[in-house]
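Asks: If you scroll down you'll find the structure; I have some questions about it.
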Amino acid sequence: MPNALVKSYAKETGKSVEHVEQWWEEAKEQALKKFKKSDPRYWAYVNGIVEKRGKLVHGKKKKRKNEDIMSLSFKQFLAEEYGDEQEEAGSSGDSGT
């Protein structure tokens, strides 16, 4: 059974839960080479490996660089930054009044 962190990383990266679980298992093996399981740094290291593989920063998808943002239209930028909720709000304001 996947834990909530694995599920949230899967959702954030767009990968399947099984795929992220595989990253997690591989990270646990790598962490055992450096730390004992009882070491407080063990789970932080495991989590750090998974975040790095998923291009996550503390559980959030990494932000785009300025040059990547500059190539977007304003509408594309808003859609990427705010998702569907912004598009819905924008479409209700364009009713032609």
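Asks: Which trypsin sites (Lys or Arg not before Pro) in the range 1-41 pass both tests, a DSSP loop state and at most 12 other beta-carbon atoms within 10 Å?
Replies: Listed in order of number, the matching sites are Lys36, Lys37.
Asks: Taking the Cβ of Tyr42 as the centre, find all other residues whose Cβ is under 9 Å away and add up their charges (Lys, Arg: +1; Asp, Glu: -1).
Replies: Charge balance in the 9 Å sphere: +4.
Asks: Let me ask something else. Would you please name the chymotrypsin sites (Phe, Trp or Tyr not before Pro) within the range 10-52 that are DSSP coil residues with at most 13 other C-beta atoms within 10 Å of their C-beta?
Replies: none
Asks: Could you work out the equivalent-ellipsoid semi-axes for the range 4-61, taking the square root of 5 times each eigenvalue of the Cα gyration tensor, largest first, in whole Å?
Replies: Equivalent ellipsoid of the range 4-61: 20, 11, 9 Å, largest first.
Every read-out reported here was derived from the displayed coordinates using simple, explicitly stated rules and does not represent laboratory data. Because the structure is predicted, anything quoted here is derived from the model rather than measured. Quick reminder, even Gly has a Cβ in these numbers, built from the backbone with ideal geometry, and neighbours come from all protein chains shown.
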